[in-house]
Amino acid sequence: MSLIPYALARPILFKMDPEHAHELTLDALARTQNTVLDRLYRQPFVSDPVSLAGLQFPNRVGLAAGLDKNARCIDALGAMGFGFVEVGTVTPKAQPGNPKPRMFRLPQAQGLINRLGFNNEGLDAFIANVRKAHFRQQDRLLGLNIGKNAATPIEQATDDYLIALAGVYPHADYLTVNISSPNTKNLRALQSDEALDGLLGALKTRQAELAQAHGRHVPMFLKIAPDLDETQVGVIAATLKKHGMEGVIATNTTLARDAVTGLQHAEEAGGLSGAPVFESSNRVIAQLRAHLGAGFPIIGVGGILSGHDAIEKIRAGADVVQLYSGLIYKGPELVTEVASALQQMKR
């Protein structure tokens, strides 16, 4: 167990601007990882192995992309008990993201709104940080999440994804193609039938070339939005199967505000995460499972704030789950709670 309960730290952090608190926390994690000070947040590891997409996941709880965009804190996050950690989204070139303020808490709803916009230090810095981490040497899995630069026209988006794919491929256990952030203009248009078909076709061709060059196959997942109707989900599912994608991550943040109407900051632009996205995420997961059938890997993410929430994700059709906003509201103890609940769940 961590030496300092998160319940003591949270009130201090929640008095700060959300993005400042976020960066302060990441700085502290980066400085203390792989030192005795990681006992401040270290959690017991719950072993619950599961085979998925040709990989052995040490347990069924991972960290979602977005929290550690520059891959600075992989080992610190691993110390919290995650079986797999996903970092990014990284773009080929460094970019500052959208203007501040761009992150807002909705504590009454246990939600967050962000319009960060893939702010990151670029591919070279990202890879340098990944190479420093010891996480994969501990038989944990590392996912690397890739996106396109905001300045790249949507018609040339595939070029950015191919550059990022080639850069991160040697350093990943799995790759995630992020086409579902609402904070990069027109990005979600890549979820449409023709655009997605072209993108995945190009990526799978390049993946095969990289697998031959590096002597190992790295599975590739697609991350999709919760703001899709069943017809759109069906098209995406068919395209995933057509191109032999290894899995799907459902879901990213939502543009919907039904669950937070009237709350302070509810009308801020950006993607809403946390508890308010739980139901829509589960709906998309269930629809994906219905279209994809048994055996197709689904990573479920969106609104998990308890072990019970994680179980509901699995029952909806997910194989493993990821946390992000729940970690901000509940702290590292949530990782152990969720991992233990899934370990004890009847399969």
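Yes or no: GLY300 closer than 28 Å to ARG10 by Cα and in a helix (DSSP H, G or I)?
Numbers: closer than 28 Å to ARG10 by Cα: yes; in a helix (DSSP H, G or I): no.
Against the criterion (closer than 28 Å to ARG10 by Cα and in a helix (DSSP H, G or I)), GLY300 does not qualify.
Return yes or no: is ASN282 without any contact (Cβ under 8 Å) to a residue 40 or more places away in the chain and more than 17 Å from LEU200 (Cα to Cα)?
Values: without any contact (Cβ under 8 Å) to a residue 40 or more places away in the chain: yes; more than 17 Å from LEU200 (Cα to Cα): yes.
Spelling it out, ASN282 is indeed without any contact (Cβ under 8 Å) to a residue 40 or more places away in the chain and more than 17 Å from LEU200 (Cα to Cα).
Taking VAL335 as meeting all but one of (1) more than 30 Å from HIS291 (Cβ to Cβ); (2) under 18 Å from the mean Cα position of the chain (by Cα); (3) surrounded by fewer than 23 Cβ atoms within 10 Å (Cβ to Cβ), write down the number of the exception.
Here VAL335 meets the rest and fails (3).
Which residues, counting only those in region 147-178, are surrounded by fewer than 23 Cβ atoms within 10 Å (Cβ to Cβ) and aromatic (Phe, Trp, Tyr)?
TYR169, the sole residue that qualifies.
Identify the single condition in (1) without any contact (Cβ under 8 Å) to a residue 12 or more places away in the chain; (2) farther than 14 Å from ASN70 by Cβ that ALA151 does not satisfy, given that it satisfies every other one.
Evaluating ALA151 over (1) without any contact (Cβ under 8 Å) to a residue 12 or more places away in the chain; (2) farther than 14 Å from ASN70 by Cβ leaves (1) as the failure.
For a quick check of your reading: which strands (runs of 3 or more DSSP E) sit entirely within region 21-72 and have at least 3 residues that are surrounded by 15 or more Cβ atoms within 10 Å (Cβ to Cβ) and at negative phi?
Values: elements: 50-52, 55-57, 61-63.
Fully inside region 21-72 and qualifying: 61-63.
Go through region 80-132 residue by residue and tally those that are among the hydrophobic types (A, V, I, L, M, F, W, C), more than 18 Å from the chain's Cα centre (by Cα) and assigned to a strand (DSSP E or B). Before you say what the answer is, go through the steps one by one.
Going residue by residue through region 80-132, those that are among the hydrophobic types (A, V, I, L, M, F, W, C) are 80, 82, 84-85, 87, 90, 94, 103-104, 106, 109, 112-113, 116, 118, 123, 125-128, 130.
Retained after the next criterion (residues that are more than 18 Å from the chain's Cα centre (by Cα)): 94, 104, 106, 109, 125, 128.
Among the residues that remain, those that are also assigned to a strand (DSSP E or B) are: 104, 106.
So the answer is 2.
Based on what the data block shows, is PRO226 farther than 19 Å from GLY88 by Cα, in a loop (DSSP other than H, G, I, E, B) and out of contact with any Cys (no Cβ under 8 Å at 6 or more places or on another chain)?
Numbers: farther than 19 Å from GLY88 by Cα: yes; in a loop (DSSP other than H, G, I, E, B): yes; out of contact with any Cys (no Cβ under 8 Å at 6 or more places or on another chain): yes.
Here the answer is yes, as PRO226 does meet what is asked.
Select from region 241-277 the residues that are of a type outside the set (A, V, I, L, M, F, W, C) and in a helix (DSSP H, G or I) and write down the one among them that is nearest to the chain's Cα centre (by Cα). Explain how you work it out, then say what you get.
Within region 241-277, the first condition is being of a type outside the set (A, V, I, L, M, F, W, C), and the residues that meet it are 241-244, 246-247, 251-254, 257-258, 261-262, 264-265, 267-268, 270-271, 273-274, 276.
If we keep only those that are in a helix (DSSP H, G or I) as well, we get 241-242, 258, 276.
Working: LYS241: 21, LYS242: 24, ASP258: 23, PRO276: 17 Å.
Only one residue fits best here, namely PRO276.
Run down GLU267, GLU246, GLU209 and say which single residue is at pLDDT 95 or above, surrounded by 14 or more Cβ atoms within 10 Å (Cβ to Cβ) and of a type in the set (Asp, Glu). Break it down into steps so the answer makes sense when it comes.
Numbers: GLU267 fails: surrounded by 14 or more Cβ atoms within 10 Å (Cβ to Cβ); GLU209 fails: surrounded by 14 or more Cβ atoms within 10 Å (Cβ to Cβ).
Just one listed residue meets the conditions, GLU246.
Filter region 128-146 for residues that are among the aliphatic types (A, V, I, L, M) and surrounded by 17 or more Cβ atoms within 10 Å (Cβ to Cβ) and give the result.
Initially, region 128-146 is screened for residues among the aliphatic types (A, V, I, L, M), giving 128, 130, 133, 141-142, 144, 146.
VAL130, ALA133, LEU141, LEU142, LEU144, ILE146 - these are the residues of region 128-146 that are among the aliphatic types (A, V, I, L, M) and surrounded by 17 or more Cβ atoms within 10 Å (Cβ to Cβ).
The values are calculated or read from the model by the stated rules, or taken from the named source; none is laboratory data. The model shown is predicted, which means the values in this text are computed figures rather than measured ones. With ideal geometry, Cβ positions are generated from the backbone for all residues, glycine too; neighbour counts draw on all protein chains shown.
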